[in-house]
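Just so it is clear, none of the values below were taken in a lab; they were calculated from the coordinates. All of these numbers come straight from a predicted model, not from anything done at the bench. We place every Cβ from the backbone using ideal geometry, glycine too, and count neighbours over all the protein chains shown.
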Amino acid sequence: MEESSVLRRANCRAKGGAPGFKVAILGAAGGIGQPLAMLMKMNPLVSVLHLYDVVNAHGVTADISHMDTGAVVRGFLGQPQLESALTGMDLVIIPAGVPRKPGMTRDDLFNINAGIVRTLCEGIAKCCPNAIVNLISNPVNSTVPIAAEVFKKAGTYEPKRLLGVTTLDVVRANTFVAEVLGLDPREVDVPVVGGHSGVTILPLLSQVKPPCSFTPEETEYLTNRIQNGGTEVVEAKAGAGSATLSMAYAAVKFADACLRGLRGDAGVVECTFVASQVTELPFFATKVRLGRSGAEEIYQLGPLNEYERVGLEKAKEELAGSITKGVSFIRK
Ligand code: NAI
C-alpha cells in the first residue's frame with residue numbers, strides 16, 4: 001500500500017475521535033524525550049502524540065510509531081514545524097534543553113534553557129493556548145516564571161495550566177524513605193514541597209504515609225539524599241548527562257495524572273511547582289488536585305515540625321532569587 005494512503009488512514013483514525021487526548025513532547029529526541037515518548041505511546045489516554053525536536057525527530061518518530069498501541073504518532077523537525085507540532089494539543093510536555101554535567105548546578109543551565117523555553121512557550125501561546133503545560137527543562141524554579149511571563153505577554157496566561165514537573169523529587173523521596181522503612185515504595189507517599197533544586201526541594205517527612213517517625217540522623221540523611229538525588233545521577237553518569245530514565249518515568253506519572261484530571265477523574269492529587277498563594281512567593285510546589293482546568297485546588301503545607309520550618313525558610317530564600325531571575329529575563 002502507498003505510504004501516503006497509510007498516513008491518510010492514520011490521520012482519519014486520529015480525527016475520527018479515537019477517545020483520548022492530543023499530547024506534544026518538545027525535545028522528544030533527547031535523553032528524557034525518547035523514553036518519555038515511548039511511555040506516552042503506551043498510555044491508553046493518548047490518541048495523538050506529536051514528537052518535536054531540533055534534531056532526529058523523524059528517526060525517533062519512525063521507531064516509536066511501530067509500537068502496536070493506540071496513539072497515532074507524528075514527527076516535527078525544527079522551528080518551521082513548531083506550529084504544526086503544537087496546533088490542537090491538550091497537553092504539552094517540555095523536556096527540551098541542555099542537562100547538567102558534574103560540578104554544575106541547575107542554575108548554570110539558565111542561559112541556554114531560558115531562551116529555548118521562551119521560544120517554545122511563544123509557540124504554545126499562539127497555537128494551543130488552552131493546553132496544560134508540563135515544564136521539565138531546568139532550572140524549573142526559573143523556567144516556570146519565564147513561561148508565565150511569556151503567556152502574560154501573549155494574553156493567554158492561566159496559572160492553573162502551567163505546571164513545573166517536580167515528580168522526580170517525590171519518586172526519589174518515596175524510594176529512599178521506603179528503603180529506610182523496609183517497605184515497598186508503592187506503599188509510601190512523601191509530600192515534597194518548595195521547588196526543584198538543592199535546598200528548595202523540601203521533603204515533609206513528618207507527613208509521610210503510612211504514618212511513621214524518623215530519628216534526627218535518618219531525617220538528615222533522607223533530606224540530604226532527596227535534595228541531592230539529581231547530583232547523585234549526574235556524578236554517576238560522569239559527563240553523560242543527568243537523570244533521564246527515572247525522569248521519563250516521573251514525567252509520565254505526572255502527565256498521566258494531568259490527563260486523568262482532564263478526563264474529569266476525581267481525587268487526582270500530585271505535587272507540582274505552580275502559581276500559588278501558599279507562601280508569600282508567587283510560585284511554590286505543593287500538592288494540588290488536578291482537574292479539567294489543570295491545578296484546580298492548591299493544598300496548604302499542613303503542620304510542619306521545627307526541622308521543616310527551618311528548611312522552609314532556606315527554600316524560600318533561594319526560590320525568591322530564582323523566580324526573580326526568570327521574571328526579569330522576559331521583562332528586561
Ligand atoms: P538532552 O540533551 O539529552 O535532550 C534535550 C533535547 O532537547 C535534545 O534532543 C535537543 O535537541 C532538544 N532541544 C534543544 N533545543 C531545543 C529547542 N529549541 N526546541 C526543541 N528541542 C530542543 O537532555 P535531557 O537529559 O533530556 O534533559 C532535558 C532537560 O530536562 C534539561 O534541562 C534537564 O536539566 C532537565 N531535567 C529536569 C528534571 C526535572 O526533574 N524537572 C530532571 C532531569 C532533567
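Observations on the structure shown:
- Among Leu39, Leu51, Leu183, the largest mean-square fluctuation in a Gaussian network model of the chain, built with springs joining Cα atoms closer than 10 Å, belongs to Leu183.
- Bridge type composition, the chain - antiparallel percent by DSSP, nearest 5: 45 percent
- Prolate/oblate/rounded label for the stretch 291-332 (Cα gyration tensor, a/c 1.5): oblate
- Near Ile201, the amide H atoms lying under 5 Å from its own belong to Gly195; only residues 5 or more places off or on other chains count, and H is placed 1.01 Å from N.
- In this entry, the stretch 204-332 is assigned a mean projected area of 10.4 nm², taken as a quarter of its C-alpha convex hull surface.
- Karplus-derived HN-Hα couplings along the stretch 315-325 (A = 6.51, B = -1.76, C = 1.60, θ = phi - 60°), whole Hz, x at Gly and Pro: 4, 5, 4, 5, 4, 4, x, 5, 5, 4, 4
- Thr166, Thr143, Thr215 arranged by Cβ crowding within 10 Å, fewest neighbours leading: Thr215, Thr166, Thr143
- Using the Karplus relation 6.51 cos²θ - 1.76 cosθ + 1.60 with θ = phi - 60°, the per-residue 3J(HN,Hα) values for the stretch 131-142 come to 6, 6, 10, 10, 9, 9, 4, 8, x, 3, 4, 10 Hz, with x marking Gly and Pro.
- Tensor-based shape of the stretch 205-276 (alpha-carbon gyration tensor, a/c under 1.5 rounded, otherwise prolate or oblate): oblate
- Residue-span extension gain [Ser65 to Glu218] - 0.36 nm each, minus C-alpha spacing: 50.5 nm
- Residue-wise HN-Hα couplings along the stretch 163-173, as the Karplus relation 6.51 cos²θ - 1.76 cosθ + 1.60 with θ = phi - 60° gives them from phi, are 10, x, 8, 10, 4, 5, 5, 5, 4, 5, 4 Hz; Gly and Pro carry x.
- The stretch 23-76 versus the stretch 292-332: alpha-carbon centroid distance in Å: 32 Å
- Ellipticity at 222 nm from helices only: DSSP H runs of n ≥ 4 in the chain, each -39500 (n - 2.57), divided by the residue count, give -14500 deg cm²/dmol.
- Above-threshold pairs, the threshold being 18 Å between Cα atoms, out of Lys41/Lys101; Lys126/Lys152; Lys41/Lys237; Lys152/Lys325: Lys41/Lys101; Lys41/Lys237
- For Tyr299, neighbours were defined as the other residues whose beta-carbon sits under 12 Å from its Cβ, and their charges (Lys and Arg +1, Asp and Glu -1) total -1.
- Taking the number of Cβ atoms within 10 Å of each Cβ as an exposure proxy, the fewest-first ranking of Cys212, Cys128 is Cys212, Cys128.
- Anisotropy class of the chain from Cα gyration tensor, a/c 1.5 cut: prolate
- Extension gain (nm, one decimal) between Val54 and Met42, 0.36 nm per residue minus Cα-Cα: 1.9 nm
- Distance between the pseudo-spin-label points of Gln79 and Ile112 (7 Å out from Cα toward the beta carbon): 1.8 nm.
- Take the Cβ atoms of Ala320 and Lys253, set R0 to 41 Å, and the FRET efficiency comes out at 0.90.
- Residue of Asn111, Asn43, Asn141 that the Gaussian network model of the chain assigns the largest fluctuation, springs spanning Cα pairs under 10 Å: Asn111
- Structure remark: mean-square fluctuation, Gaussian network model of the chain, C-alpha springs under 10 Å; the largest value among Arg161, Arg186, Arg289 belongs to Arg186.
- Applying 1/(1 + (r/R0)^6) with R0 = 25 Å to the Cβ-Cβ distance of Glu187 and Glu297 gives a FRET efficiency near 0.50.
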